[in-house]
Each structure stands twice: as C-alpha cells, then as structure tokens.
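Chemist: The structure is given below, and queries will be raised subsequently.
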C-alpha cells in the first residue's frame, strides 16, 4: 500500500512542487491550505485553517504516514510580526497531529536561522538569527526537540537556502526581474552582486524535501541545498541569458544587506546520502 503523506501549505511556492513530486512517485497526498486552487488535482484536497479547525482536522488526519509541514505566513517578509505570533500555533498543531498518530514529522527550516555566517553551514553550525523570520524558525526548531522526546516523534528539520525556478510564482529577485521585463523597463537597480549564496531549483528542492521526509532512518537537521556557493551577480546574469531577457542590471544602486555575509552555503553530504539510498530502493 502506498504511503499517505499530509502536506500543509500545499498551495505555496514550494508546496505545489512537493505535492507534484510525491504524486509522480506514487505516494498518496492529502493537501491542505486555506486555498488550493494551484494544487495538482490528483491530490486529495482539504481547505482548512490548521491553526483553528481542530475538531475537523483531527478526524481527517488519521491513517497518515507522515507530515511535511510547509505552512508559514509571510515567509518573504523577514521582519513581519506574524513570525513571532505564530510560533506557538505551529508547535500546537504539530503536537496535536502527533497525538493522533502522525509520528513522522518533517518541518521546513531556513538558512536564516544561522544569522551572519561566513562559509559552509553544517547541521552543527551554531544559530544566531538576526531577522524575525530566522528567530521564529529557530525557536520552533528548538521547541520541537522537546516534542520529539515527549511524543516519540521522528523529527526532521529540512533547512532550505536560496530557491529559484518557477520564478513567476515566487517573490524572489528573479520574479521581480521578470515583472520589470514585462513592464518594458530597461534597467533593474541592483547591489554589487558579489555575495555568494547556495541556490537550488525548486523542482530539485521538492525532490530533496520529499525523499528526506518519506525515509525515517536519518533524522534531525538536514540541509536541502546544492552545496555550492555562487555569486548573486553570476546567477542573475545567467538567468538573464537563459531567459533571453533584455533588461540590464544597474550595479551598486542598493547596498548589500547588513546580515548577508560575503559567502554562505550549505553542506549537502546528508541529503546526498538520502538521495543515494532512495535511488537504490532503500526508502
């Protein structure tokens, strides 16, 4: 019998791709969100507010083999107060589903938990977040360590870095460039572009998240990343060429963000191990 996976935040940028990967690979998916208009129709869909509709979701979340918790408000607005306001709500939701028998719980983390860091980020790199988004994610991760012990949960914290692909449906710099191109703007104001980041295509990220989630041998923090630093300038210039865009970058208009280091990237050894095991049929 195919495993049945609950995906929260299924209508979001990453969620839609995770749902599709799971369905394409013969998993059964229960997709939840407050709107599901962009989710693959092969999934079982349930419009629900996971923070409020407790009685309903406790009934429908039975016979689930695992949860991929992607739901999060204002992920692109790094200092929104909703990040702090929702921490306990996320914790309570995950605690409740563990009580109804979902013990394989997978939560999306972020490199913004780390704060300012120069170099490679491993699972053991200390965290010192400097945005409300990073603080909230880090606090939830630490709180879930208690849930893991008390409720005997198999917890995986899937830490993501910089994402691209399907760019008209996200809020990244790539989406903003496409928007300006459509508006026939000649120049796009930019930073120096010298900072180096770990970029990954959303389709590949969805594969990593899904494969890490359905396995239960490796738990804890798992970096879902390319493991390769590349300058923002190089990445965006490549994006312009690949998409045959006419807009030109106007370097140095904006300063680099104070919390961005010269170079930060993830160590991807653990996720590569998981991908290798999956390819060998060791799920």
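Chemist: Going by alpha carbons, how many degrees (0 to 90, nearest 10) lie between the helix axis of 132-151 and the longest principal axis of the chain?
Modeler: It works out to around 20 degrees.
Chemist: Additional query: Treating the angle as unsigned and between 0 and 90°, give the value, to the nearest 10°, between the Cα long axis of helix 269-279 and the longest Cα principal axis of the chain.
Modeler: 60
Chemist: Can you give the extra length, in nm with one decimal, that the chain gains between residue 269 and residue 76 once fully stretched, where that is 0.36 nm per residue apart less the Cα-Cα distance?
Modeler: Between residue 269 and residue 76, full extension yields 66.8 nm more.
Chemist: Determine the percent antiparallel among the DSSP beta bridges restricted to the stretch 157-283, to the nearest 5.
Modeler: The antiparallel fraction comes to roughly 20 percent.
Chemist: Let me ask something additional. Given N residues in the stretch 73-189, what is Rg(Cα) / (2.2 N^0.38 Å)?
Modeler: 1.29
Chemist: So what's the stretch 1-115 giving for Rg/Rh, alpha carbon basis, Kirkwood Rh from the mean inverse pair distance?
Modeler: 0.95
Chemist: Using 1/(1 + (r/R0)^6) with R0 = 35 angstrom and r between the beta carbons of residue 146 and residue 179, what's the FRET efficiency to the nearest 0.05?
Modeler: 0.25
Chemist: May I ask for the equivalent-ellipsoid semi-axes of the stretch 183-277, computed as the square root of five times each C-alpha gyration tensor eigenvalue and listed largest first in whole Å?
Modeler: Whole-Å semi-axes of the equivalent ellipsoid: 33, 16, 10.
Chemist: Now for a separate question. Any idea what diffusion coefficient the chain gets from Stokes-Einstein, in µm²/s, Kirkwood Rh on alpha carbon pairs, 25 °C, 0.890 mPa s?
Modeler: 125
Chemist: When the Cα centres of the stretch 242-280 and the stretch 90-119 are compared, how far apart do they sit, in Å?
Modeler: Their Cα centres are 22 Å away from one another.
Chemist: Rounded to the nearest 500, what is the chain's calculated 222 nm mean residue ellipticity when only DSSP H runs of at least 4 contribute -39500 (n - 2.57) each, over all residues?
Modeler: -11000 deg cm²/dmol
Chemist: Shifting gears a bit: Helix 202-214 versus the longest principal axis of the chain: what angle, 0 to 90°, nearest 10, using Cα atoms?
Modeler: 20
Rule-based calculations on the coordinates, nothing more; no lab input. Everything quoted here is computed from the prediction, not taken from an experiment. Don't worry about glycine lacking a Cβ; one is built from the backbone with ideal geometry, like all the others, and counts go over all protein chains shown.
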